[in-house]
Amino acid sequence: MNAIILNGGPANGRGSASRKIRDTAVKEFQSLGWAVRVFDLDGLTIKPCRGCFACWLKHPGTCAIQDDGEEYLRTFIASDAAVWITPVTFGGYSSSLKKALDRTIPTILPFFIRAHGEIHHPQRYERRRKLLALGTLRDRDAEAERVFRGLVQRNAINMNPLKTNVCVMSEHADDAEVTARVKDLIRTAGIA
Amino acid sequence: MNDTTRERKALLFVGSPKGLKSTSHALGSYLLKKLEAGGLATETLLVGAALHAAKDLAAMHEAVAAADLIVFSFPLYVDQLPAPLIEALELIAEERKAHPPAKPQKTMAIVQCGFPETHQNRPACEIMNQFAKEAGFEWAGGLAMGMGGAVAGRSLEKAGGMARNTVKALDLAAASLIGGGNVPREAVDLMAKPLMPKWLYRLVGNWGMKSQARKHGARKTVYNRPYAA
């Protein structure tokens, strides 16, 4: 089984909390016998999606931009679990994580279908995965946490994962708390 | 028009990577024209250009600091703001921590998605509201619409009768903002109204995609799975 871990924390400063979560998640997945691939997004060249729709209409399934985004996309498609780690940024994701997520447009089809009583795009690939989102907050902010959780749920409707689990913790959480929270998230996602 | 009104500045920040050709620009520039007619000085920034180089970043911070009202207009990308706009907001919030604003400032958002349901824009509006709170702006409100694909970057004048509620919503918002108010509820409700029946939008959307794929020689490959194991 394959896990992809997207670390959306900055390469310095506030990113230490994300790195701690990343390392813990890697250890947990490996202890369960999973293969893990980590993408530290702040150090990669993943340019922003241009919204050109070439991945739908010109060369379906592949992005017009050739950079580290292609390797990320291949790994994402082959994954059984995707882990997103990010500082909660205005209730959403960091720009680094979002750049990677915006580049997943080639994994959906251009057409409209009805799902969950709404209109959405169907998935290009049959393979589905579990989605685990971990956000860190510098200071407790109930509203930012609510928005973050709501956003992950909206993503889940569009990305159609097998299961979606969200966790928000303090940037200042110690090693023991990070380990406990990450283990709990993986366990409640039914990953073993 | 009074002296206070004449001195106010409105900044349109277009968050679409498509820049001037985008629906975000079409909607935002319509509002900006109304604000200008109401006596506000106006300026437009495109997110791609603002993040291009250090001098452009400096110009972005300068424009943000000078504005009394910032209108962020953007498309929904994967349920929220496009990544470059998030990056710009991260930088703006950081800058305002280092150099707190010299005057009270308002911000508002215009967000549109390609899906027919306006409520799919909710997380994006909430994120903008949260940004305003964290970066020290007064939140003037958000105007959200679905079926943005039907406008397709055209000016609202060219979009015709289907955009009548959009035009009314932006007119109402402009009138209130010129008078120092926020985005009124009535404008939010009008903006949220569908441009056409949902079934028709879906039908035309699917037909349009098939037609474009054919035009680009991708009719037979549109369902390709290039990275399938």
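No lab work stands behind these numbers, since they all come straight from the coordinates. Keep in mind that what you see is a predicted model, and the values were worked out from it rather than measured. Heads up, the Cβs are rebuilt from the backbone with ideal geometry, glycines too, and the neighbour counts pull from every protein chain shown.
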Checklist entry - Too long at a 32 Å Cα-Cα cut-off: which of B:Lys168/B:Lys215; B:Lys34/B:Lys215; A:Lys20/B:Lys103; B:Lys21/B:Lys106; B:Lys18/B:Lys133? => result B:Lys168/B:Lys215; B:Lys34/B:Lys215; A:Lys20/B:Lys103
Item to check | Zone of A:Ile157's modelled label, taken as backbone nitrogen in the range A:115-137 under 15 Å from a point 7 Å along Cα→Cβ | outcome: A:115-122
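Can you give the FRET efficiency for B:Asp171 and B:Ala41, using 1/(1 + (r/R0)^6), R0 = 22 Å, r = Cβ-Cβ distance, to the nearest 0.05?
Efficiency at R0 = 22 Å is approximately 0.65.
Where nothing but the Cβ of Lys and Arg (+1) and of Asp and Glu (-1) is charged, how large is the charge dipole of the protein assembly as shown around its Cα centre, in debye to the nearest 20?
Rounded to the nearest 20 debye, it is 1820 debye.
Compute, for the range B:97-150, the length of the dipole vector about the Cα centre, with Cβ point charges of +1 (Lys, Arg) and -1 (Asp, Glu) only. Units Debye, rounded to 20. Mind dumping the intermediate values first?
On the way: 5 positive and 4 negative charges, 46 e Å.
That gives a dipole near 220 debye.
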Item to check | Spatially proximal aspartates and glutamates relative to B:Lys97 (Cα-Cα < 13 Å; intrachain offsets below 8 disregarded) | outcome: B:Glu134
Item to check | Förster-model FRET efficiency, 51 Å R0, B:Ala65 and A:Met1, C-beta, rounded to 0.05 | outcome: 0.50
Checklist outcome for this item: Distance in Å, no decimals, from the C-alpha centre of the range A:48-127 to the one of the range A:1-34 is 20 Å
Next on the checklist: For the pair B:Leu200/B:Ala98, report the inter-label distance in nm, with labels modelled 7 Å from Cα in the Cβ direction.
Outcome noted: 5.2 nm
Item to check | Phi-based couplings in Hz for the range B:79-86 (Karplus 6.51, -1.76, 1.60; Gly and Pro marked x) | outcome: 6, 7, 6, x, 3, x, 5, 4
Checklist entry - For chain B, what is the convex hull volume of the alpha-carbon atoms per residue, in Å³? => result 146 Å³
Next on the checklist: Charges at C-beta only: +1 for Lys and Arg, -1 for Asp and Glu. How large is the resulting dipole of chain B about its Cα centre, in Debye rounded to 20?
Outcome noted: 1320 debye
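Express as a percent, rounded to the nearest 5, the fraction of DSSP beta bridges in the protein assembly as shown (both residues included) that run antiparallel.
DSSP beta bridges in the protein assembly as shown are roughly 10 percent antiparallel.
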Checklist entry - Average partner chain C-beta neighbours within 10 Å, per residue of B:188-198? => result 0
Checklist entry - When DSSP assigns beta bridges and you keep just the ones with both residues in the range A:1-148, what percent turn out antiparallel, to the nearest 5? => result 20 percent
Checklist entry - Going by a ≥ b ≥ c, the root eigenvalues of the Cα gyration tensor, does the protein assembly as shown fall in the rounded group (a/c under 1.5), the prolate group (a/b larger than b/c) or the oblate group? => result oblate
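Provide the packing ranking of B:16-29, B:91-104, B:194-207, i.e. peptides ordered by the mean count of other C-beta atoms within 10 Å per residue, highest first.
The peptides rank, most packed first, as B:16-29, B:194-207, B:91-104.
Of the peptides A:24-32, B:218-226, A:91-99, how do they stack up when ordered by the mean number of other Cβ atoms within 10 Å, highest first? All intermediate terms of the calculation are to be shown ahead of the outcome.
On the way: A:24-32: 17.1, B:218-226: 15.0, A:91-99: 28.0.
Descending packing order for the listed peptides: A:91-99, A:24-32, B:218-226.
Taking R0 as 45 Å, what FRET efficiency do you get between B:His216 and A:Ala11 from their Cβ-Cβ distance, rounded to the nearest 0.05? Before the final figure, lay out each step's value.
Numbers: r = 38 Å, r/R0 = 0.85.
E(calc), rounded to 0.05, equals 0.75.
Quick check on the range B:3-196: of the DSSP beta bridges with both residues there, what percent are antiparallel, nearest 5%?
Details: 1 of 26 bridges.
So the antiparallel bridges in the range B:3-196 amount to around 5 percent.
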Checklist entry - What nm distance separates the two modelled labels at B:Lys21 and A:Phe53, each placed 7 Å from Cα along Cα→Cβ? => result 1.2 nm
